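Below: one structure, written as structure tokens.
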Amino acid sequence: MDKTWRPLLDGLILAIPAAIIYFLITGGERGSASERDVVKNILTIGYTVLVPVFWNGRTIGKRICKIRIQKLDGTSPGIGTMIIRNGLCSLLYSYTYGIAILISIVMVVVRKDKRAIHDFAAGTEVVYDDPWAIENQA
């Protein structure tokens, strides 16, 4: 599966369990909008920042697509790296009204190494990786 579909796949995989957890915590629509936003943000950060840290640079969608995030030296990303990659760069993308996202898309399409703004900021790259092949060899 092409890595351009990975964000959609991660979104779908995250949406169902997150909706269940969200409903259990907030009681559905009974919570205020700010309470719901806090819960949504915690779940999103937990998935996009913590899962790759503890799962060798992969999310569920990345594992299915056989790709993973790694630092430029080939090691797995730490929490600081993932906070920069996903947290601070999300702020950049939102404060530039999507212009930075468009620049990142162009960078991924044009650059040979396919690195976007968030990869440069965090010193990461996305590489093809088949975790099942490695586990089966062991």
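Just give me the residues in the range 60-92 being hydroxyl-bearing (Ser, Thr, Tyr) and either modelled with pLDDT under 85 or over 16 Å from Ala116 (Cβ atoms) (or both), in sequence order. Thr75, Ser76, Ser90 - these are the residues of the range 60-92 that are hydroxyl-bearing (Ser, Thr, Tyr) and either modelled with pLDDT under 85 or over 16 Å from Ala116 (Cβ atoms) (or both). Test Gly46 against the criterion of being open to solvent by less than 70 Å² (accessible area, probe 1.4 Å) and either at pLDDT 85 or above or touching a Lys or Arg at 6+ places or on another chain (Cβ under 6 Å) (or both), and give yes or no. Judged against the criteria, Gly46 is not a match.
Applying the condition of being hydroxyl-bearing (Ser, Thr, Tyr) and either touching a residue at least 24 places away in the same chain (Cβ under 8 Å) or assigned to a loop (DSSP other than H, G, I, E, B) (or both) to the range 68-92 and asking which residue is least open to solvent (accessible area, probe 1.4 Å) yields Thr81.
Looking only at residues in the range 50-67 that are under 14 Å from Val126 (Cβ atoms) and in contact with a Ser or Thr (Cβ under 8 Å, 6 or more places away or on another chain), the one that is most open to solvent (accessible area, probe 1.4 Å) is Asn56.
Restricting attention to the range 1-43, the residues being in a helix (DSSP H, G or I), modelled with pLDDT under 70, acidic (Asp, Glu) and surrounded by fewer than 13 Cβ atoms within 10 Å (Cβ to Cβ) number 1. Put simply, of Ile83, Ile16, Ile64, Ile42 the only residue that is more than 13 Å from the chain's Cα centre (by Cα) and over 26 Å from Asp130 (Cβ atoms) is Ile42. Taken as a whole, the condition of being open to solvent by less than 70 Å² (accessible area, probe 1.4 Å), of a type in the set (D, E, K, R), assigned to a helix (DSSP H, G or I) and modelled with pLDDT of 90 or more applies to Asp119. Quick one: would you say Tyr97 is modelled with pLDDT under 90 and either in a helix (DSSP H, G or I) or touching a helix residue (DSSP H, G or I) at 6+ places or on another chain (Cβ under 9 Å) (or both)? It is false that Tyr97 is modelled with pLDDT under 90 and either in a helix (DSSP H, G or I) or touching a helix residue (DSSP H, G or I) at 6+ places or on another chain (Cβ under 9 Å) (or both).
The values are calculated or read from the model by the stated rules, or taken from the named source; none is laboratory data. Note that the structure is a prediction, hence the values are computed from the model and not measured. Note: ideal-geometry Cβ built from the backbone for every residue, glycine included; neighbour counts use all protein chains shown. We work out accessible area using only protein heavy atoms, side chains counted, and drop any ligands, DNA or RNA first. Shrake-Rupley method; radii C 1.70, N 1.55, O 1.52, S 1.80 Å.
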